[in-house]
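Chemist: To start, I am sharing the structure in question, which I have written as structure tokens.
Throughout, read-outs are computed from the coordinates displayed, never taken from laboratory work. Everything numeric in this text was worked out from a predicted model, so none of it was measured. Cβ sites come from the backbone with ideal geometry, for glycine too, and all protein chains shown count toward neighbours.
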Amino acid sequence: MSVAQLAGGRVSTALRRAARRDPLVVAASIVMLGIAVMAVFGPVLAPYDPDALYVGPISGPPTLAHPFGTDDLGRDILSRVLVGAGPSVLGPIVVVTISSVLGAAIAIGAAWFGGAVDAVSSRLIEVLFAIPGLVLAVLAVAMFGKGLLAPAVALSIAYLPLVARLIRALARQELAKPYVAALRVQGVGGAAICFRHLVPALLPALFAQATVGFGYAMLDLAAISFLGLGAQPPASDWGVMIASGQPALLTGAPEQAVIPAAFVVITVLAVNILGARVTAWAEGGDR
Amino acid sequence: MNPRVLVQLARQLGSLTLTLFLSSVVIFCAVLLTPGDPVSAFAGGTRPTPEMIAAIRAEHHLDDPVWLQYLHWAGGVFTGDLGTSYVYRTDVVDLIAPRVGITVLLVAYAVVLIAVFGVGSGIVAATRGRIADRAVLIATSIGMALPTFVVAILLIWIFARVLGWFPVYGAGEGFLDELYHLTLPAISLAVLYIAYLSRITRGAVVGQLHSEHVETARVRGIPRARIFRRHVFLNASPQILAVSGATVAGLFAVSAIAEQAFGIGGLGSLLTEAAARKDVPVVQVISLLLVVVFVVLNALADVAIAIIDPDSVKPRRTA
Amino acid sequence: MRTTGITTAALAAGTVLLLLSGCTPRDAEPAPTSAAPVDESSLVAALPEATTEVGEVTWGLVEGEPRTLDPAAEYSFVIPNLCESLLQLQPDFTVEPGLATSAEWVDPTTFVIDLREGVTFWDGTPLTPADVVFSMERNRVESSPWFPAFVLVDTIEQTGDHQVTVTFTAPDSTFRDALSSAAGAVVNAAQAQQAGGAFGTASGGILCTGPYELADWTPGTEIVTTANAEYWGGAPLTETLRYVFVPDGTTLTTALLEGEIDGAFNVAPGSRSVFEASDEGRLVLGPSTASFSFGPTKSTGAGANPDIRQALSLAIDREQYVQTVLSGLGAPQKTFTPPFAWGGMDAADQYTDAYAALPDIEFDVEAAKALVDGSGEDLSVPLVVAIPAGAKELAQTAAIIQAAGAQLGLTVEIDERQPADFTEIFFDPAAREDIDFVATAGYLDSPGVLGYAQQFLLPPDLGGFFNWSEYSNEAVTGELQVARTTLDPAASADAFIAAQEVFAPDQLQVTLAGAYHLTFLNDGLTGATTSVAAYSSPWALHLGAE
């Protein structure tokens, strides 16, 4: 589920309904739409080549030509932020997608088969819970070397228990409902019940969890990059920009680190607001 | 405490021990899954002769069957032999031991900040009317989007460039100087968790305020402060305690970022450095340590919850 | 329904961040586009000797924690204060007696070393010729980084109570100067043998004769050294010299500016403006042999083609490079051999004249494009530049090479490797397979012009350890061999210069700039060596209060 779909697809009706009562969600949606546009069209929108050196002064302040200033190689920060949106958003999407799919699969399997399958998978989830996501990601880096791939896969696994635990509980509730027994009596096959009835019923909760997870994943991946273990320079990933802009904090050019940091914060803020609303919607309530 | 609670508690503690065991297996497997030969990692940069290879294999038990290697490694937890660093060639324990203190102090400092401001603001939000609730909600919404590295760079920038009230480098010497030095790092660690705990506290307290026994107590004319202490807060605390294990384990992990940003030579910076240098044995032991922290704190929280509210003893709901 | 408040706050949070960043005070008016030029004659090789004692000095090592203090295995700024060499390299790169009072050729293949009498190790045992023979033999194995200095050595023997004699298979013009580097460092034989594999590590320790002795090493935290009261040259004024490891340049800058760390070498040139504005300490610019360069890693691919290297060289504006990467704290350099390397040598004038005669560095993108077009290389294959992780200056260098390549239609990719993996490039051909260039910051640790030339240009069996592109030119090989085996300084210089005229245009290393030796030292402290000689000689010998 991409952010673009989130902003424009099936959720939009729900958003519009909520918007009448909740301008906050509208604001957050607009922010997310903006980020989505940046992520998709960033390279087109960028006024300069993000990797071109000396398009402005070295560590130049914000000016009309360079609204966010220029970095230590004279690259345009606005262009780098725009182009960096793609990878910065893609990482969390990958994490959320893998953890949602795998987590849901494990949870549904556990709820469906029960018994030993349930016991083993619950135990597995319990174990993964005990290792903080960041640590699992760092361990992955120690094993496979730096880059975004290993930490992203590790975070997908680290987030899996959150999804699995929620979905397992909901799936058990759903399976206990009388209509499932009725379908079984009618001779409807297991696969059909699972994919036609169970999965659709779980989707809203899964989607809500994915939205919340996106925010966390973004923060964790940016943290990995900040530690110098994730995306590598000269990538214009926001986390990398924050890390490589850090020296300039001391020399009086804070925008090199602060601006990408602001984009991370604003994105996560918007996602959190949407996540809370989507969760409420998924739970059927409207607090 | 009635026997049912004790049995349930014992079962939970057993389950945590099993978790600990299984996580240690997962962490141990890291070294097996790591591409490349540990021998060349130990030889580091030089071309080892066959005799050197044999010596390295023997010294680090690389020729033993995997399960025996695991037992050797895990048994090291009790004997203090946790393997050898690829990079420093010294015992991992010797690397970790001098660094634990400062990280524990940093995390403890952050925990105090989180407990005071997180729980405090949550209670304020729940009990001091709409405006307070709104204000806390705004603050926590922003706080939940402020990760450690962002807070850290903002603090460094503000305090190094503009204000200069607090040092932005190093850990200091002596307890008070250490606290002074750790103030900014602790704040950078705490912000996100303060917001998180504030939300949880508010939810738990609001839930209790509307509960039947609080209504009853109110009808019986018990003073508000007493109701709050004896009924509301006490009954809300299990929900707060339930997230403490994950929170503190998380703080230990995130301290890597604060330590890196503020140049503190603690466990977290060792973790980062070791990961960057592919020093798997060091990363393994620190990971295991964090799992132990998580498990022990959860066990303590379970016991505390069982004491506060024996009826609530059931499988935990973490984070 | 909690609403507009948060919306406003959310937007406000973002705007506040953006506004704040625009409104803080800035250094050097509108950010420095061009840093102030440095007059080379104003470089300081050593600060005035200290006169007053000081209790403890904390020194930051941006290179990180050494793996070992064994001088035969690794270099670090800790070692030269602990383990001395037979000859002592001076801050101005001249060579003076050290543990040896005299070290001279008695005939073309016999070199006699007379040891200083009365020198003791830290534990009080006297320095013996056996220790010297032992130490030199440790360096004379192929795995030692100092092996090239010993390739022509035949035997090393004790020939008196205070004398060691080295015999050679051929005369060696580089040997004497090499003894002023760690190649001539002396350790205690008995202790080294006893410590075995742990020698030099935190557990095994080390025993030497230098002005500071190793007191304590807490791995991952600090190395503590204390003044050697019995030092033959007089005890240093600094009682305790403590080294801390700060591999991050920015963190080191902060620590120095806050006075938490008293001094450090190789501080980040990018922080020049804040260092110069500091009221805590001062930035000292010293002469150096350090240079930034990149070179080919294999004999295949476009990187091995001299035209491509020439083109990249032409497409990089060196003045701008010095401004960007070094904040003006360096100068363009015509060839890989840095002028400071010969500054103290007998034939210095000859080398200087020859350097002046080399063609000037050009910046000509059009000419570069023409070279690339005429090279016949497949431009669709990306060129990969390897750099060590965490080195900001090299990351910038790689980005500059990438941008230069883009102008010429070459795709350049950057491969940032962990220090351990990066070192592997120099040992293991397999590690070089996926890369075309390696960008490095290197320096020469003792006087001499032949170091780079031999490594990059000779066949591997003659010492061309880094001749990965399989450069081969008989004239160059012949002249370099003559330069090495001619003891007469002028004749040796003639041979080298003849070779240099041939190999310089081939740019086996595209040298981007020479960098000054940067030292930041707390006000109130003085006496440190502030030139590149700090890598080889006890730089803290005269360290103390003003």
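Chemist: Within the set of other residues whose C-beta is less than 14 Å from the C-beta of C:ARG138, count the net charge using Lys and Arg as +1 and Asp and Glu as -1.
Modeler: Local net charge: -4.
Chemist: Further, regarding this structure: Mind giving me the nanometre distance, one decimal, between the label points for C:GLU53 and A:ALA176, set 7 Å out from Cα along Cα→Cβ?
Modeler: 8.0
Chemist: In straight Cα distance, which lysines are under 20 Å from C:LYS298, not counting same-chain residues fewer than 8 positions off?
Modeler: Leaving aside lysines fewer than 8 places away in the same chain, none come within reach of C:LYS298.
Chemist: Quick one: helix B:267-276 against the long Cα principal axis of chain B, what's the angle to the nearest 10°, folded into 0 to 90?
Modeler: 50
Chemist: To continue, here is another question. Sort C:507-513, C:90-96 for me by packing, meaning the mean count of neighbouring Cβ atoms within 10 Å per residue, highest on top.
Modeler: By packing density, highest mean first, the sequence is C:507-513, C:90-96.
Chemist: OK, next. Farthest toward the dipole's positive end in the range B:3-88, which of B:TYR70, B:LEU20, B:VAL87, given Cβ charges of +1 (Lys, Arg) and -1 (Asp, Glu) about the Cα centre?
Modeler: With unit charges placed on the Cβ atoms, the residue in question is B:LEU20.
Chemist: Would you mind listing how long chain B runs along its three principal axes, going by Cα atoms, in whole Å with the largest first?
Modeler: Computed over chain B, the largest-to-smallest principal extents equal 84, 60, 33 Å.
Chemist: Also: Quick one: Cα convex hull volume of chain C, Å³ per residue?
Modeler: So the per-residue Cα hull volume is 184 Å³.
Chemist: Starting from the Kirkwood radius over alpha-carbon pairs of the range B:99-234, derive D by Stokes-Einstein at 20 °C in a medium of 1.002 mPa s and give it in µm² s⁻¹.
Modeler: 129
Chemist: Could you tell me the distance between the Cα centroids of the range A:213-233 and the range B:61-137, to the nearest Å?
Modeler: Between the Cα centre of the range A:213-233 and that of the range B:61-137, the gap is 20 Å.
Chemist: Next question. For peptide A:56-63, compute the average count of partner chain beta-carbon atoms within 10 Å of each residue's beta-carbon.
Modeler: 5
Chemist: Another question about this same structure. Compute the Rg/Rh shape ratio of the range B:3-88: radius of gyration over Kirkwood radius, all on alpha-carbon atoms.
Modeler: Across the range B:3-88, the Cα-based Rg/Rh ratio is 1.17.
Chemist: Turning to a different aspect of this structure: Give the residue list of GluC sites (Glu not before Pro) in the range C:350-401 that are DSSP loop and have at most 16 other beta-carbon atoms within 10 angstrom.
Modeler: C:GLU362
Chemist: Pick from B:GLU215, B:GLU51, B:GLU173 the residue whose mean-square fluctuation is largest in a GNM of chain B, springs joining Cα atoms under 10 Å.
Modeler: B:GLU51
Chemist: Which number comes out as Rg/Rh for the range A:24-260 once both Rg and the Kirkwood Rh are worked out on C-alpha atoms?
Modeler: Rounded to two decimals, Rg over Rh is 1.11.
Chemist: What's the long-distance tail for the protein assembly as shown, i.e. % of Cα pairs beyond 42 Å?
Modeler: Beyond 42 Å sits 46 percent of the P(r) for the protein assembly as shown.
Chemist: Quickly estimate the mean residue ellipticity at 222 nm for chain B, helices only: each DSSP H run with n ≥ 4 gives -39500 (n - 2.57), and the total goes over all residues, rounded to 500.
Modeler: Using -39500 (n - 2.57) per qualifying helix, the result is -23500 deg cm²/dmol.
Chemist: Still on this structure: Counting each DSSP H run of 4 or more residues in chain A as -39500 (n - 2.57), what helix-only mean residue ellipticity at 222 nm follows after dividing by all residues, to the nearest 500 deg cm²/dmol?
Modeler: Calculated at 222 nm, the ellipticity per residue is -25000 deg cm²/dmol.
Chemist: Mind checking which of B:VAL150, B:VAL291, B:VAL282 has the largest fluctuation in a GNM of chain B, springs on alpha carbons under 10 Å?
Modeler: Per the Cα network of chain B with a 10 Å cutoff, B:VAL150 tops the list.
Chemist: Let me ask something else. Mind jotting down the distance between the C-alpha centroids of the range B:243-269 and the range C:481-500, whole Å?
Modeler: With the range C:481-500 and the range B:243-269 each reduced to a Cα centre, they are spaced 58 Å.
Chemist: May I pose another question? Please compute, for peptide A:175-186, the average count of beta-carbon atoms on other protein chains lying within 10 Å of each residue's beta-carbon.
Modeler: 0
Chemist: Shifting gears a bit: Sorted by packing (mean other beta-carbon atoms within 10 Å per residue), highest first, where do C:248-254, C:164-170 land?
Modeler: Taking the mean over residues of other Cβ atoms within 10 Å, the ranking is C:248-254, C:164-170.
Chemist: Cα to Cα, under 22 Å, and not fewer than 8 places away if on the same chain: which lysines meet these conditions relative to C:LYS369?
Modeler: Once the sequence-local lysines are set aside, what remains near C:LYS369 is C:LYS334.
Chemist: Counting partner chain Cβ atoms within 10 Å of every residue's Cβ in C:259-272, what's the average?
Modeler: Counting Cβ atoms of other protein chains within 10 Å of each residue's Cβ and averaging gives 2.
Chemist: Need the C-alpha centroid separation for the range C:401-472 versus the range C:29-108, integer Å.
Modeler: 25
Chemist: Within the range C:35-126, report the GluC sites (Glu not before Pro) that DSSP leaves as loop and that have at most 11 other Cβ atoms within 10 Å.
Modeler: C:GLU117
Chemist: Once every DSSP H run of n ≥ 4 in chain C is given -39500 (n - 2.57) and the sum is divided by its residues, what mean residue ellipticity at 222 nm do you get, rounded to the nearest 500 deg cm²/dmol?
Modeler: -8500 deg cm²/dmol
Chemist: Using per-residue counts of other Cβ atoms within 10 Å, averaged over each peptide, order B:101-113, C:181-193, C:222-234 from highest down.
Modeler: C:181-193, B:101-113, C:222-234
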